[in-house]
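Worksheet: the structure to be examined is printed underneath.
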Amino acid sequence: MNGKWLRCLLLLAVLTFTGGCSSDGDSGSDSPASSLLTQGTDVRPDWKYPSVSDYEQTMGVQFRLQDELAAYVTEQDLMCAMISGEVRALCEPEISDDGIYFPLVIFSDDSDVRVSISYYCDRLHRIYTLSNWHDFDATLSPLNAAGEPYLLNFIPQE
């Protein structure tokens, strides 16, 4: 229970610190990127875990969100990997003192397919999707070359 309260306090501190900072006085509220950080109307998706016995290969990866979205993460968020519109991996965020990451084990029978990543942000009520993130590759390292989770940029950088 104490660890959960510490995570909540840490998240609140991050939200408080990032909430009022603007270097030029312009909040950029009319930019396309900032509109993606406003309250949406998406409901929590009913994504289902894939049946592991249906697939022969796995691809384990860890993801982290760009700072703009990481500030909104809650334990109710979801991330999934899809191949041809079918959920092939599903997880909730892992929140710790070291940061926030999403560990996915993606299942497939075919290595000649593209993996898309979708993220549901409960606080913003939005689903973000990166179509064709990467080819399915069972030999891909779970972490990037720097030894960190792969960075997902759902919000375009201005």
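Quick notes on this one:
- Residue-normalised accessible area of region 43-155, given per residue in Å² at a 1.4 Å probe: 50
- Fraction of accessible area attributable to carbon and sulfur, region 79-158 (%, probe 1.4 Å): 45
- Among residues other than P142 with Cβ under 15 Å from its Cβ, the summed charge is -2 (Lys and Arg +1, Asp and Glu -1).
- Sorted largest first, the principal axis extents computed over the alpha-carbon atoms of region 32-158 equal 40, 33, 28 Å.
- For region 102-158, convex hull volume per residue from C-alpha positions, Å³: 120
- Per residue, the convex hull spanned by the Cα atoms of region 54-118 amounts to 96 cubic angstrom.
- Region 52-91: proportion of alpha-carbon pairs further apart than 14 angstrom, %: 59
- Inter-part distance where region 45-65 and region 97-112 are each reduced to a Cα centre, Å: 7
- A simple charge model with +1 on the Cβ of Lys and Arg, -1 on the Cβ of Asp and Glu and nothing else charged puts the dipole of region 28-152 at about 260 debye relative to its Cα centre.
The values are calculated or read from the model by the stated rules, or taken from the named source; none is laboratory data. In this text the structure is predicted, and so the values were computed from the model without any measurement. Because the Cβ atoms are built from the backbone with ideal geometry, glycine has one as well, and the counts that use them run over all protein chains shown. For accessibility, only protein heavy atoms count, side chains too; no ligands or nucleic acids. Shrake-Rupley method; radii C 1.70, N 1.55, O 1.52, S 1.80 Å.
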